[in-house]
Amino acid sequence: MTTVGLRERKKVQTRNALIDAALELFLTRGYEATTIDQIAARVDVSPRTFFRYFSSKEDVALSAPADSQDIFLAALAARPETESPYTALSQAMRTMVATLRGKEPEDAARFMKARQLVEETPALLAGQMRLLMENEQRLVAEVARRQGTDSGDLLPQFVVSVFTGLGMICYHSGTQGLDVMAERLDDVLTLADRSLRPGWDLATADTSPSATD
């Protein structure tokens, strides 16, 4: 068991070292000018070892945002089944930001460097949008599961679309740090709660055509 634990920690250390090396090279030399061979050499591993952890330069560059989305989805799945989709999504987002803020300083720095890189690199901005779209489908599937319906139903798609819009406002808080991001998240969610019609429960909203007549 101890051997397995040491092996897993070594894998995490190697993965983080590759991410840190890639982010440093991308930010100093440029994303397009940096090669996988250079990233591997910085960590003193082979390119083959790099590909055990990441499939491409884009994969390693967007690994920190992708990890945060995994935290978000796990937090959503852990919310009480009795919560409305909007409440569950809001609390899961708060949990994700709190989890990121509670990590080691190097983890928070890694996340913010990745954000800076995306802001400065059009190719990665497009890649991140693809990542967000894929994650949106995962969120729709989870909301649909909680509602006892399927991903083709209008309600899960509507709820996630509304929440994704709120999340984008929060995300575009610049690269000033996770504390600023957390404050903006609270402000955005508070404004959303005030703006929604009192008593509006997205879990029981009637989305049938007759409801709008």
Hey, any hits in region 55-73 for a residue that's of a type in the set (Asp, Glu) and either in contact with a Ser or Thr (Cβ under 9 Å, 6 or more places away or on another chain) or closer than 24 Å to Ala182 by Cβ (or both)? yes
With respect to Lys103, is the statement that it is assigned to a helix (DSSP H, G or I) and open to solvent by 40 Å² or more (accessible area, probe 1.4 Å) true? no
If Arg130 satisfies all but one of (1) under 16 Å from the mean Cα position of the chain (by Cα); (2) in contact (Cβ under 8 Å) with a residue 24 or more places away in the chain; (3) within 21 Å of Leu166 (Cβ to Cβ), what's the number of the condition it fails? (2)
Here are some residues: Ala123, Ala203. Which one is more than 26 Å from Lys103 (Cα to Cα) and at pLDDT 85 or above? Ala123
Hey, among the residues in region 11-43 that are exposed (fewer than 13 other Cβ atoms within 10 Å of the Cβ) and small (Gly, Ala, Ser), which one's nearest to the chain's Cα centre (by Cα)? Gly30
Got at least one residue in region 8-16 being modelled with pLDDT of 90 or more, in a helix (DSSP H, G or I) and closer than 25 Å to Glu119 by Cα? yes
Only one of (1) surrounded by 15 or more Cβ atoms within 10 Å (Cβ to Cβ); (2) within 30 Å of Ala21 (Cβ to Cβ); (3) not hydrophobic (A, V, I, L, M, F, W, C) does not apply to Gln157, and that is (2)
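Yes or no, residue by residue, for (1) in a loop (DSSP other than H, G, I, E, B); (2) open to solvent by less than 50 Å² (accessible area, probe 1.4 Å); (3) not aliphatic (A, V, I, L, M):
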residue	(1), (2), (3)
Leu125	no, no, no
Met133	no, no, no
Leu139	no, yes, no
Arg145	no, no, yes
Gly152	yes, no, yes
Ile169	no, no, no
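Are any residues in region 80-102 over 19 Å from Asp20 (Cβ atoms) and either touching a residue at least 60 places away in the same chain (Cβ under 8 Å) or of a type in the set (Asp, Glu) (or both), and if so, which ones?
Glu81, Glu83, Ser84, Pro85, Tyr86, Leu89, Ser90, Met93, Arg94, Val97, Ala98, Arg101, listed by residue number.
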Residues of region 44-94 being aliphatic (A, V, I, L, M), surrounded by fewer than 18 Cβ atoms within 10 Å (Cβ to Cβ) and not in a helix (DSSP H, G or I), which ones? Val45
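The values are calculated or read from the model by the stated rules, or taken from the named source; none is laboratory data. The model shown is predicted, which means the values in this text are computed figures rather than measured ones. Here the Cβ is made from the backbone with ideal geometry for all residues, glycine too, and neighbour counts use every protein chain on show. For accessibility, only protein heavy atoms count, side chains too; no ligands or nucleic acids. Shrake-Rupley method; radii C 1.70, N 1.55, O 1.52, S 1.80 Å.
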